[in-house]
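To start, the structure itself, in structure tokens.
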Amino acid sequence: MGDKTMTADEAVSRLESGMTLGIGGWGSRRKPMALVRALLRTPVTDLTVVSYGGPDVGMLAAAGRIRKLVAPFATLDSIPLEPHYRAARESGSLELMEIDEAMFMWGLRAAANRLPFLPVRAGIGSDVMRVNPGLRTVTSPYEDESTGVHETFVAMPALRLDAALVHVNRADRAGNGQYLGPDPYFDDLFCEAARTAYVSCERIVDTAELTKVAPPQTLLIKRLNVSGVVEAPGGAHFTSCAPDHDRDEAFQRLYASMPWSEFAERFLAGDEQAYRTAVEAWHEEQT
């Protein structure tokens, strides 16, 4: 097994403007924020971002890096609507494909299985079809045994990704990724749906250690789907990464209330270590 370890800056150096980028996690939970911050230090722009949106979407939108967003929501969880996403939508600075959470999942699953679409009931009878006039329906070639009806489904197109960024609790140098929290958040599907995938983790461990600390079903991401591994302790900050750390609620409230230009200047002007130092200094100011 090859050693796929690299720095966050090396990982994002492989991304290009105009790409379709999938970002794992869910809302303000286990987002690959160290990789997002590294991406903000590059000139990459004009992105189509595919995400169960959180501050990843908010930061990239505020920085003007998103051309189109594909998402079922953009939330900070304890703050229901991501404020920088909201500002981008109100200003019309990005295009939005807003779909149901289940449709989003099946779009990733279709891409992971190299299918053009998958049929799904979600969306039928809702405004999802109205706000996404490009969506099509498909009629089952099989009769329902109880009704004799050929059911109609939404034909959810595959969400094919040029690259994916995800964050997990543990990984080995070959790219096997493990989550230790309550939910996988579909990070495996993001990696499988992408041509290349970059996994950041709280800690890189030996492969044998992955099965010592938790059951095998926690081995979420397979090395064959991973192009690079980045060790980034606290790399999900300020989102949660249970059980390693909770969400930094105080700092999240600051992010949500502070003008973007001021936030970026104070916390994002330098590298990842500079970000951590600035966050620590801010917390010290509060006490």
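Quick notes on this structure:
- Going through (1) in contact with a strand residue (DSSP E or B) (Cβ under 7 Å, 6 or more places away or on another chain); (2) of a type outside the set (D, E); (3) farther than 19 Å from V70 by Cα; (4) assigned to a loop (DSSP other than H, G, I, E, B) one by one, G2 falls short only on (1).
- Of the strands (runs of 3 or more DSSP E) lying entirely inside the stretch 19-74, those carrying at least 2 residues that are without any contact (Cβ under 8 Å) to a residue 60 or more places away in the chain and within 15 Å of A88 (Cβ to Cβ) are 47-51, 66-71.
- The one condition in (1) surrounded by fewer than 16 Cβ atoms within 10 Å (Cβ to Cβ); (2) closer than 26 Å to G54 by Cα; (3) of a type outside the set (S, T, Y) that C191 fails to fulfil: (1)
- Residues in the stretch 129-139 that are within 19 Å of P116 (Cβ to Cβ) and surrounded by 10 or more Cβ atoms within 10 Å (Cβ to Cβ): M129, N132, L135, R136, T137, V138, T139.
- In the set (1) more than 27 Å from A71 (Cβ to Cβ); (2) among the charged types (D, E, K, R); (3) within 26 Å of the chain's Cα centre (by Cα), the condition left unmet by R160 is number (1).
- Here the condition is being assigned by TED's automatic domain parsing to the domain that holds E192, buried (at least 21 other Cβ atoms within 10 Å of the Cβ), of a type in the set (K, R) and modelled with pLDDT of 95 or more; of R37, R41, R89, it holds for R37 alone.
- Selection status of A122, touching a residue at least 24 places away in the same chain (Cβ under 8 Å), part of a helix (DSSP H, G or I) and either out of contact with any strand residue (DSSP E or B) (no Cβ under 6 Å at 6 or more places or on another chain) or not basic (K, R) (or both): no
- Any hit, the stretch 200-221, residues being touching a Gly at 6+ places or on another chain (Cβ under 9 Å), farther than 16 Å from D56 by Cα and part of a loop (DSSP other than H, G, I, E, B): no
- Of the set (1) more than 14 Å from the chain's Cα centre (by Cα); (2) among the β-branched types (V, I, T); (3) assigned to a strand (DSSP E or B), all apply to I79 but (3).
- Among the residues here, L21 does not qualify as more than 16 Å from Q252 (Cα to Cα) and either among the hydroxyl-bearing types (S, T, Y) or surrounded by fewer than 21 Cβ atoms within 10 Å (Cβ to Cβ) (or both).
- Residues of the stretch 249-287 that are outside any helix (DSSP H, G or I) and in contact (Cβ under 8 Å) with a residue 24 or more places away in the chain: L268, D271.
- Test: G270 is modelled with pLDDT of 95 or more and surrounded by fewer than 16 Cβ atoms within 10 Å (Cβ to Cβ): yes
- Selection within the stretch 140-174 - part of a loop (DSSP other than H, G, I, E, B), over 25 Å from F117 (Cα atoms) and modelled with pLDDT of 95 or more: D172, R173, A174
- Restricting attention to the stretch 212-226, the residues that are within 14 Å of N169 (Cα to Cα) and either in contact with a strand residue (DSSP E or B) (Cβ under 6 Å, 6 or more places away or on another chain) or crowded, with 18+ Cβ neighbours inside 10 Å (or both) add up to 4.
- Whichever residue in the stretch 228-287 is touching an Asp or Glu at 6+ places or on another chain (Cβ under 9 Å) and among the β-branched types (V, I, T) and, among such residues, is nearest to A87 (Cα to Cα): T239
The values are calculated or read from the model by the stated rules, or taken from the named source; none is laboratory data. Treat the numbers as computed from the prediction; the structure is a model and nothing was measured. Virtual Cβ from ideal backbone geometry, glycine too; neighbours counted across all protein chains shown.
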